[in-house]
Amino acid sequence: MSAPSAPQNWKQWLESESPASRRQAVAGNAWRGLVAIIKNPAALAGLIIVALLLLMALAAPLLAWGQDPLAQDLAQRLKPPSASHWLGTDELGRDIYVRVLYGARVTLTIVVLVSLVVAPLGLAVGTLSGFLGGVIDVVLMRITDIFLAFPRLVLALAFAAALGPGIENAVIAIALTAWPPYARIARAEAATIAQSDFIAAVKLQGASTARILLRHIVPLCLSSVIVRLTLDMAGIILTAAGLGFLGLGAQPPTAEWGAMVSSGREVILDQWWVATMPGIAIFVVSLGFNLLGDGLRDVFDPKSS
């Protein structure tokens, strides 16, 4: 069954209870999930905040009216918020509004790069451990336990200090400490799915281990990993900001929210806006990802119907 040509038939096609193709089933599930998020006020608020973050990152040059986030004007240093500088200026006369916009790019880059590492790594370790069991399960889970034994921020600081400052090393440090929870979730679900009747039927048909993992186990574990990843975005952002605050993340003069907060801590009592404005940005974006994650958890949780 092909997609309907008339626009008025799209909703009926998406909401069909008897999809005629895999594409229709996937599109229908995505549509119902989007509708569920829109009906949830908190999740909708989180979706809007995340969408605004994407807009800030992609359209920063337009929203900043072409201003350079690195441009210094010592005659305008430490100016309070005004019509000419909406969020004020910092100790070097740089416009904080412009730097917050460009800081969204750095934050989004870190979030995306960390996600591209931790989700596949955690999913691979967890599904292999849960499906294969035995010695492989014991070895992989003990390695996971070692990483879970240390506080994430402390371990990230240790890796970042060993690797050296910089965005790339910060991404590696965060990724090395963030994957264990995904492995635990994937392992628990994979172990349960491996005992299912349909997996036994697939084995009787002669399917290889790789095919079972990639075509059956991984897709069923993916939704829980996505929800966990969305909820973890706030932690990733805070960890990245913490590394930037301590000088182990993005290096000056890069516009990064954690580094901006650090540069304003010495004048926070008199020129509060220097540290407060990027701090508010960190808070709002973290809250947005938490709200969106809660909404996705409600959508993907089979018990919440």
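No value in this document is a laboratory result; all are computed from the given coordinates. Nothing here was measured: the structure is a model prediction, and the numbers come from that model. Positions of Cβ are generated from backbone atoms using ideal geometry, with glycine treated the same way; all protein chains shown enter the neighbour counts.
Taking the Cα centre of the chain as origin, work out the dipole magnitude from +1 charges on Lys and Arg Cβ and -1 charges on Asp and Glu Cβ, in debye rounded to 20.
So the magnitude is around 800 debye.
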Inset, instruction - Go through VAL111, LEU14, HIS85 and say which Cα lies farthest out towards the positive end of the charge dipole of the stretch 1-128; charges sit on Cβ, +1 for Lys and Arg, -1 for Asp and Glu. - result: LEU14
Legend entry - Rounded tilt (10° steps) of 273-300 against the dominant C-alpha axis of the chain: 10 degrees
Legend entry - Rounded to 10°, Cα long-axis angle of helix 152-163 versus longest principal axis of the chain: 70 degrees
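Mean residue ellipticity at 222 nm from the helices of the chain, using -39,500 (n - 2.57) per DSSP H segment of n ≥ 4 over the full residue count, to the nearest 500 deg cm²/dmol?
-23000 deg cm²/dmol
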Inset, instruction - Report the label-to-label distance for GLU266 and SER208 in nanometres (one decimal), using points 7 Å from each Cα along the Cα→Cβ vector. - result: 6.1 nm
Legend entry - Of GLY28, GLY264, GLY166, the one that fluctuates the most in a GNM where the chain has Cα springs shorter than 10 Å: GLY28
Legend entry - Residue among ARG77, ARG184, ARG105 with the largest mean-square fluctuation in a Gaussian network model of the chain, springs linking Cα atoms under 10 Å: ARG77
Inset, instruction - Using Cα extents along the principal axes in Å as the read-out, say which of (1) 77, 55, 28; (2) 49, 46, 36; (3) 69, 42, 36 was calculated from these coordinates. - result: (1)
Inset, instruction - Would you work out which of PHE198, LEU246, ILE236 lies farthest towards the positive end of the dipole of the stretch 188-259, given +1 charges on the beta-carbon of Lys and Arg and -1 on that of Asp and Glu, about the Cα centre? - result: PHE198
Legend entry - Positive-end extreme of charge dipole, the chain - chosen from LEU222, PHE147, VAL267 (charges on Cβ): LEU222
Inset, instruction - Run the quick spin-label model on PHE150 and THR276: label points 7 Å from Cα toward the beta carbon, then report their separation in nm to one decimal. - result: 3.8 nm
Inset, instruction - Work out the FRET efficiency for ILE136 and PHE198 from their Cβ-Cβ distance, taking R0 = 25 Å, and round it to the nearest 0.05. - result: 0.65
Legend entry - Acute angle (nearest 10 degrees) that the helix 167-178 long axis makes with the longest principal axis of the chain, alpha-carbon atoms: 40 degrees
Legend entry - Karplus-derived 3J(HN,Hα), 6.51/-1.76/1.60, for each residue of the stretch 21-37, Hz, glycine and proline x: 8, 5, 4, 5, 5, 5, 5, x, 5, 5, 5, 5, x, 5, 5, 5, 5
